[in-house]
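This report concerns only the one structure given below.
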Amino acid sequence: PPGPLQPPGLPLAPCRSFSNNKIQVELDESSGVATMKFKSPPVNSLSLEFLTEFSIGLEKLQNNRACRGVIITSALPKIFSSGLDISEMCGKSMEHYTEFWRAVQEMWLRLYGSSLVTVAAINGASPAGGCLVALSCDYRIMVENPKFSIGLNETQLGITAPFWFKDTFVNVVGHRTAERSLQLGSLHTAPEAHRLGLVDELVPEEKLMEKAAAVMAQWLAIPDHARQITKTMMRKATLDHLVAHREEDIKHFTTFISKESIQKSLRMYMEMLKKRK
Amino acid sequence: PPGPLQPPGLPLAPCRSFSNNKIQVELDESSGVATMKFKSPPVNSLSLEFLTEFSIGLEKLQNNRACRGVIITSALPKIFSSGLDISEMCGKSMEHYTEFWRAVQEMWLRLYGSSLVTVAAINGASPAGGCLVALSCDYRIMVENPKFSIGLNETQLGITAPFWFKDTFVNVVGHRTAERSLQLGSLHTAPEAHRLGLVDELVPEEKLMEKAAAVMAQWLAIPDHARQITKTMMRKATLDHLVAHREEDIKHFTTFISKESIQKSLRMYMEMLKKRK
Amino acid sequence: PPGPLQPPGLPLAPCRSFSNNKIQVELDESSGVATMKFKSPPVNSLSLEFLTEFSIGLEKLQNNRACRGVIITSALPKIFSSGLDISEMCGKSMEHYTEFWRAVQEMWLRLYGSSLVTVAAINGASPAGGCLVALSCDYRIMVENPKFSIGLNETQLGITAPFWFKDTFVNVVGHRTAERSLQLGSLHTAPEAHRLGLVDELVPEEKLMEKAAAVMAQWLAIPDHARQITKTMMRKATLDHLVAHREEDIKHFTTFISKESIQKSLRMYMEMLKKRK
């Protein structure tokens, strides 16, 4: 049954192009622990299709009585997730922007509001939306490689994180660190992220999944109902904030993103990414 | 006179079984500093009787013009307070649960809202309600013994801390530490508690009361009225939150605690405690 | 044009005694960086005249398209700013207190709400209102000299910081540090202030302006519009809090400050300052 954290009446965004191959999901029924592995080359970007699959996957696990927790990681080397897919925000119709943004909201509402124990095993770079996925979990373990960085770097691209990315960030690192990091669009190396409290723990790459399983076992030692009520108590106000302003937030995003100046910035950024390859 | 922090119109819970032997109160009239020593063997658990005596004691000090500050500590070895008395929550009537919970609220409103300088001298274990008492003071000094632990460990018992325990905790350690620690029901060793900011200072056991007196003197060097207005400014919203939802919170507690599944958990926990002895 | 952070409809306080010699303002048009140097001997106290000049200076820079950021520092040795000018609060008329307090609010609304990048280069002591100026900037660099201290020490003088000083402080250092530091009226040495997060960085005195310029360049590397929207998102609720209660806050200040007991404290404090010289 949906946990107490699931905001009621959240229908899934209509899913036209459903596929089931961007995220590998495995459930170990003996432990009750599922693993979701992002596998959408080259960089696990959060496209409409990916987000839809992610939300459906989270819903299925949430409704599966055999599942009590989920470890989220990447099946690709060096990248956790590159964040929102910029091609979904560039040169498309207002209808498309609306559908896309609703899918981003949906994913966050399901993940931040999940009654499952959620552990992010961050095995690569995790900018912008990738960072949001990690921030929305109960616990964050990151590979100690200083080449991997994490942060809400939207301002560097000339765009901005919405209020609920900010709320999630403030809940993890506090107001001051969030203010500075969000304005600068900082990408923090793993050691820096650990110092700021943005991730809870650093481990050598080869120990990551073992550590994630150990942390999960620790959280699952707590009776589910007591842990879930407590999680709701901590997160409900933040979730309600978006639920109450969801349509307004979509309107705000679609208006902002369709501005010619913003479209131009995004096109230039995509050109730069293409040249890099 | 009641300080500016005392929410108006808070009559004491009716006190049927008043006694005066669970807490030793001494006031040094020359310094204006009172000491409250919890002395209710075996573990200073917060029974209805204890809470009533505690609230009355706080009210008397508050109304005594000779008193400007209070140091709260334990007269028993190895334990500060074991928290709410589980026998008050187990196998009793709804009327009893109501009376008990009102007394818990009362104690917190008086302590967190006290206009006196309040210093916790934590000389032993301080789980759950014991931790709340410490969190509600202005300053926390703990014996550095790593065998002594402190935390809001309710979830470990299958129950949950109410919102105002959480609010008090968040005010001290911030949102992230509170979210993790409350969900896991963590008991932190003294050094860990210090690292998290849950206590302000660690000292060797034999220096505890001397240090508490020195800290008290530092706080009393500030003009009372300026300090009290500032304390009100920092704590009023948190106090008002409970004052505005007090009956609702009682209803919520009594409904939750009287559930058969919760009663069963508590009975099992009490059996375990008995066997331990 | 006024940036998005400027609360609409904030007319400048009527400026009777305008002068232009308490703050030196220089704008480097090539970099877009202005420097404001406080030069009001002996201690850069925030008099009505100083505050008016400061607000006008901030407004001019805000409206100057060539300006993108401002570094705030002192032209005097050993002092950044001593805070609100006590002589403005002592032995004057209610009309004067009203005008003075409105000017304090005005300055903070303009500085905390500035859409420019604001960097405080703190080259000396910075108590009370001086600390508020620093807290209201985007970034704080302080000379590492442990003889320089910073903090909201109002309670030591028997007065109290208003709620918006407190809100600004909590946003920087968090609830717990603010509660303790405000009640005690603590002045923190530079190293302590750095440890608490009250300042972001310490540097040797001779490196201060160079460092401030480097930090400014880092912030200016972010597209203005994205940075400004993000800054608004972080600060709007705190600004709105004062805007909504501005007249109430003036009333509260003027009533408090005109009390005979407070006037007496302030007179004694001024006597003490005079004797020190």
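The values are calculated or read from the model by the stated rules, or taken from the named source; none is laboratory data. These figures come from a predicted structure and were not determined experimentally. Note: ideal-geometry Cβ built from the backbone for every residue, glycine included; neighbour counts use all protein chains shown. To get the accessible areas, we keep the full protein, side chains included, count just its heavy atoms, and leave off ligands, DNA and RNA. Shrake-Rupley method; radii C 1.70, N 1.55, O 1.52, S 1.80 Å.
Report, by residue number, each residue of the range B:44-77 that is closer than 13 Å to B:V133 by Cβ and either free of Cβ contacts under 8 Å to residues at least 40 places away in the same chain or in a loop (DSSP other than H, G, I, E, B) (or both).
Quick first cut of the range B:44-77, residues closer than 13 Å to B:V133 by Cβ only: B:44-46, B:50-51, B:54-55, B:57-58, B:70-74.
Hits for the range B:44-77 are B:N44, B:F50, B:G57.
Which of (1) β-branched (V, I, T); (2) farther than 28 Å from B:L196 by Cα; (3) open to solvent by 30 Å² or more (accessible area, probe 1.4 Å) does C:T189 not meet, given it meets every other one? Evaluating C:T189 over (1) β-branched (V, I, T); (2) farther than 28 Å from B:L196 by Cα; (3) open to solvent by 30 Å² or more (accessible area, probe 1.4 Å) leaves (2) as the failure. A:A120 meets each of the listed conditions (1) more than 14 Å from chain C (Cβ to nearest Cβ); (2) touching a residue at least 12 places away in the same chain (Cβ under 8 Å); (3) over 17 Å from A:N44 (Cβ atoms) apart from (3). Would you mind finding the one in C:E192, C:E206, C:E201, C:E260 that is more than 18 Å from C:C137 (Cα to Cα) and within 21 Å of the chain's Cα centre (by Cα)? The unique qualifying residue is C:E192.
Considering the conditions (1) closer than 30 Å to C:V119 by Cβ; (2) more than 14 Å from chain B (Cβ to nearest Cβ), A:A212 is excluded by exactly one of them, (1).
Scanning the range B:148-160 for residues that are open to solvent by 10 Å² or more (accessible area, probe 1.4 Å) and either at the interface with chain A (Cβ under 9 Å from one of its Cβ atoms) or free of Cβ contacts under 8 Å to residues at least 12 places away in the same chain (or both) yields B:E154, B:Q156, B:L157, B:I159, B:T160. Among the residues making up the range A:153-183, those that are closer than 16 Å to C:A226 by Cβ, of a type in the set (A, V, I, L, M, F, W, C) and either out of contact with any Lys or Arg (no Cβ under 8 Å at 6 or more places or on another chain) or assigned to a strand (DSSP E or B) (or both) are A:L157, A:I159, A:A161, A:F163, A:F165, A:F169.
For the range B:11-37, a tally of residues being at pLDDT 95 or above and touching a Gly at 6+ places or on another chain (Cβ under 9 Å) returns 7. Report the residue count in the range B:219-233 for those that are of a type in the set (A, V, I, L, M) and either more than 7 Å from every other protein chain (Cβ to nearest Cβ) or out of contact with any Gly (no Cβ under 9 Å at 6 or more places or on another chain) (or both). Final tally of qualifying residues: 4. Scanning the range A:115-153 for residues that are of a type in the set (S, T, Y) and touching a helix residue (DSSP H, G or I) at 6+ places or on another chain (Cβ under 6 Å) turns up A:S115, A:S126, A:S136, A:Y139.
Applying the set (1) of a type outside the set (G, A, S); (2) open to solvent by 10 Å² or more (accessible area, probe 1.4 Å); (3) assigned to a helix (DSSP H, G or I) to A:N145 leaves exactly one unmet item: (3). The residue of the range A:102-118 that is surrounded by the most Cβ atoms within 10 Å (Cβ to Cβ), among those that are over 15 Å from A:L239 (Cβ atoms) and out of contact with any Gly (no Cβ under 7 Å at 6 or more places or on another chain), is A:A103. Scanning the range B:192-213 for residues that are open to solvent by 50 Å² or more (accessible area, probe 1.4 Å) and closer than 21 Å to B:R235 by Cβ yields one hit, B:L196. I'd like to check something: does the range B:177-192 contain any residue that is away from chain A (no Cβ under 14 Å) and touching a helix residue (DSSP H, G or I) at 6+ places or on another chain (Cβ under 9 Å)? Yes, because at least one residue in the range B:177-192 is away from chain A (no Cβ under 14 Å) and touching a helix residue (DSSP H, G or I) at 6+ places or on another chain (Cβ under 9 Å). Listed here are the helices (runs of 4 or more DSSP H) enclosed by the range C:214-277 that have at least 3 residues being open to solvent by less than 70 Å² (accessible area, probe 1.4 Å), over 30 Å from B:R227 (Cβ atoms) and touching a residue at least 24 places away in the same chain (Cβ under 8 Å): C:224-244.
State whether the residues of the range C:195-206 include one that is within 13 Å of another protein chain (Cβ to nearest Cβ), assigned to a helix (DSSP H, G or I) and not small (G, A, S). Within the range C:195-206, one or more residues are within 13 Å of another protein chain (Cβ to nearest Cβ), assigned to a helix (DSSP H, G or I) and not small (G, A, S). Taken together, the criteria exclude C:T168 from residues that are in contact with a strand residue (DSSP E or B) (Cβ under 6 Å, 6 or more places away or on another chain) and more than 7 Å from chain B (Cβ to nearest Cβ). With the condition kept exactly as written, say whether any residue in the range A:78-87 is in a loop (DSSP other than H, G, I, E, B), open to solvent by 20 Å² or more (accessible area, probe 1.4 Å) and within 24 Å of A:L208 (Cα to Cα). Within the range A:78-87 (the criterion being in a loop (DSSP other than H, G, I, E, B), open to solvent by 20 Å² or more (accessible area, probe 1.4 Å) and within 24 Å of A:L208 (Cα to Cα)), the answer is yes, since at least one residue qualifies.
Do the conditions hold for A:V70, that is, is it of a type in the set (A, V, I, L, M) and surrounded by 22 or more Cβ atoms within 10 Å (Cβ to Cβ)?
Criteria met by A:V70.
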